[in-house]
DNA sequence: GCTTCGATTGACAGCGCTGTCAGAAGATGG
DNA sequence: CCATCTTCTGACAGCGCTGTCAATCGAAGC
């Protein structure tokens with residue numbers, strides 16, 4: 001039981017190893033009876049094909065790479081969970097490739113790693129997928145890939161939510177509460193999603209006839225600390241906002257902390273809302289109104305699509321760009337106790 | 001540049017492929033001159049040995065597996081970061097293996113996966129490393145492994161902090177603040193660490209002549225929601241505590257939320273402290289006093305030790321069980337504004 | 001009944017690398 | 001200078017699997 005190889009299965013099923021191989025790879029032209037015999041032999045022996053041998057002999061490595069640059073742990077965990085689900089379903093494995101998106105040598109390094117590990121596919125999260133040089137390198141290598149973003153290269157798959165629309169909805173919720181002076185803490189300038197969210201905010205403001213005061217928009221970097229800075233800036237203005245929209249939950253939590261320090265009561269003195277529906281948004285006090293994006297689902301779908309492309313499965317009708325629904329999560333940071 | 005194999009390097013360096021192999025594996029008995037020639041040839045060609053071929057030909061797969069059961073995202077991310085550092089330094093890769101520690105079939109499944117992927121080593125986090133059947137299976141397979149816990153099997157490596165001492169320190173800090181009626185929200189009963197922390201709490205209480213009122217100790221499960229439940233229970237007692245110690249930060253954050261809902265001011269009405277120094281502990285309000293354990297360092301060391309064992313490097317003198325230092329992080333949830 | 005063709009199966013040659021072992025090249029000593 | 005080690009290097013045989021291609025089988029067609 002410790003080291004079952006294909007020959008054992010072949011012997012037990014009374015067929016050649018090639019036939020076992022066919023069955024294990026779901027190849028056509030195997031009679032139903034043979035297939036069953038092989039499958040039960042494999043099951044009884046608890047046989048699992050060796051990934052190394054498969055990788056070496058075939059062209060495939062059965063490895064999907066995840067390219068990321070220290071996003072928030074919660075986001076990373078959710079992405080991984082989604083990817084792993086899809087991978088396990090198809091007997092693929094996931095290889096982690098953290099990297100630094102600002103490092104100019106990164107695309108080359110990734111390219112080399114791709115060659116070494118013979119990764120079959122790649123999943124790329126923001127902000128890495130917003131680095132043109134990297135995307136060019138990936139395209140050039142011809143590896144099937146998906147980005148968790150709204151724009152892939154010509155051969156890529158993109159899964160995303162409509163971040164602009166989501167932020168528009170969120171902003172309209174705040175506007176609907178009666179606020180007119182609304183502060184905005186923008187996301188990391190290297191993330192395309194951050195720009196989309198900002199667009200959504202501005203669109204909603206304009207649609208409701210509200211001017212966008214430049215003093216009410218501050219630069220953030222998607223991390224907690226930048227949320228604190230942003231909120232301190234906004235609240236120290238001569239005419240501070242009555243509501244703050246942060247481009248993600250971490251920054252909103254930072255804003256919340258600053259507000260508490262200043263003795264402001266949320267949401268009566270100040271409304272604060274975030275974006276992402278991260279665990280943090282539920283764990284701070286008061287819980288943050290935010291927008292949920294189904295990250296795990298998106299990741300699962302991204303991996304599934306890439307794997308489908310790999311296995312030559314028929315491409316679904318849907319376009320390569322597919323959008324997932326977002327959902328407003330109204331909580332006490334905008335609504336008060338209920 | 002896309003597919004450099006060992007023969008190319010051998011040709012360029014004017015040696016046999018075996019010699020290239022020796023150099024790539026840092027084997028002894030290669031002259032300095034030859035080694036240099038091979039190394040520069042490899043560098044110029046941007047050669048990376050194929051993992052599949054290495055895995056197939058040699059006994060090694062250059063893969064370290066991480067066995068975990070949905071711990072908090074922050075913990076997972078930190079562990080992964082530490083492991084990846086060690087792996088990259090030695091050209092190993094990390095394979096993720098989430099599992100369910102209560103699933104009776106899990107040990108067998110892991111054993112099978114071990115055989116399939118030919119994992120060279122294993123890193124196991126709590127609570128998976130507290131499942132005897134699993135640990136028995138791992139021991140039986142003879143794979144070098146490390147647990148991030150204080151107790152490994154005969155052949156394993158254990159890296160940990162002294163959780164009991166850490167909780168003792170934390171408890172003494174709270175006692176030192178003048179509290180005598182202290183509530184405790186215990187951790188998940190399947191985690192050995194949870195028991196250690198509880199021991200530490202009780203030891204400190206006894207050492208200071210404080211009785212442990214059973215009504216002041218509630219069961220938690222290390223998650224936010226159980227922290228809420230626990231705190232609600234504790235605070236609804238006829239004689240509620242003036243301080244709550246949670247066995248981790250997530251639960252402390254839950255307790256904090258309940259306290260806020262009840263209108264209690266932290267820390268004047270109630271002191272709340274956590275454990276782990278997770279990002280969350282800094283992001284709630286007020287920030288939580290907690291205990292830092294250097295998870296990333298521990299993980300890195302765990303992986304480094306396992307890899308050292310794999311490469312036959314001399315075992316360091318230190319025992320297989322090695323303890324890292326912990327550190328009290330005093331913040332406003334116990335100290336108030338300063 | 002015998003040919004024909006598609007469906008099914010197997011023999012065989014690697015994939016790129018490492019382990020083994022024998023051979024070549026230096027180093028050492030008398 | 002030659003014998004004796006030691007150090008270094010290379011030839012060769014797989015590792016477990018898949019791709020190719022040829023062989024076999026069975027059913028349909030004449």
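The values are calculated or read from the model by the stated rules, or taken from the named source; none is laboratory data. All values derive from a computational prediction rather than experimental measurement. Note that each Cβ is placed from the backbone with ideal geometry, even for glycine, and that neighbours are counted across all protein chains shown.
In this structure, is residue B:229 over 25 Å from the mean Cα position of the chain (by Cα) and either at positive phi or buried (at least 18 other Cβ atoms within 10 Å of the Cβ) (or both)? Yes. Of all residues in region B:87-113, those satisfying the criterion of being over 17 Å from residue A:67 (Cβ atoms) and touching a strand residue (DSSP E or B) at 6+ places or on another chain (Cβ under 7 Å) are B:92, B:97, B:98, B:99, B:110, B:113. In this structure, does residue A:38 turn out to be outside the structural domain of residue A:148 (by TED's automatic domain parsing), over 16 Å from residue A:91 (Cα atoms) and within 15 Å of DNA strand C (Cβ to nearest atom)? Yes: the conditions hold for residue A:38.
So, residue B:52, is that one within 11 Å of DNA strand C (Cβ to nearest atom) and either in contact (Cβ under 8 Å) with a residue 12 or more places away in the chain or within 30 Å of residue A:81 (Cβ to Cβ) (or both) or not? Yes.
Scanning region A:107-137 for residues that are more than 13 Å from chain B (Cβ to nearest Cβ) and either more than 18 Å from residue B:84 (Cβ to Cβ) or over 20 Å from the mean Cα position of the chain (by Cα) (or both) yields A:107, A:121, A:126, A:127, A:129, A:130, A:131, A:132, A:133, A:134, A:135, A:136. Looking at A:209, A:220, A:187, just one residue is surrounded by fewer than 23 Cβ atoms within 10 Å (Cβ to Cβ) and assigned to a loop (DSSP other than H, G, I, E, B), and that residue is A:209. When B:84, B:63, B:67 are checked against the criterion of being in contact (Cβ under 8 Å) with a residue 40 or more places away in the chain, away from DNA strand D (no atom under 16 Å from the Cβ), in contact with a strand residue (DSSP E or B) (Cβ under 7 Å, 6 or more places away or on another chain) and closer than 30 Å to residue B:123 by Cβ, B:67 stands alone in meeting it. Region B:1-97 holds helices (runs of 4 or more DSSP H) entirely within its bounds, and those carrying 1 or more residues that are buried (at least 19 other Cβ atoms within 10 Å of the Cβ) and more than 12 Å from chain A (Cβ to nearest Cβ) map to B:6-13, B:17-24, B:32-45, B:73-89.
Results for (1) crowded, with 17+ Cβ neighbours inside 10 Å; (2) without any contact (Cβ under 8 Å) to a residue 12 or more places away in the chain, shown as yes or no for each residue.
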site	(1), (2)
A:142	no, no
A:154	no, no
A:173	yes, no
A:178	no, yes
A:193	yes, no
A:203	no, no
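If you take the residues in region B:286-299 that are within 14 Å of chain A (Cβ to nearest Cβ) and surrounded by fewer than 22 Cβ atoms within 10 Å (Cβ to Cβ), which one is farthest from the chain's Cα centre (by Cα)? Looking at the filtered set, the residue picked out is B:286.
Run residue B:194 past the list (1) assigned to a helix (DSSP H, G or I); (2) within 14 Å of chain A (Cβ to nearest Cβ) and report the number of the one that doesn't hold. For residue B:194, the failing item is (2).
Here is a yes/no grid of residues against (1) more than 8 Å from DNA strand D (Cβ to nearest atom); (2) out of contact with any helix residue (DSSP H, G or I) (no Cβ under 7 Å at 6 or more places or on another chain); (3) closer than 23 Å to residue B:98 by Cβ:
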site	(1), (2), (3)
A:17	no, no, no
A:41	yes, no, no
A:46	yes, no, yes
A:56	no, no, no
A:80	yes, yes, yes
A:88	yes, yes, yes
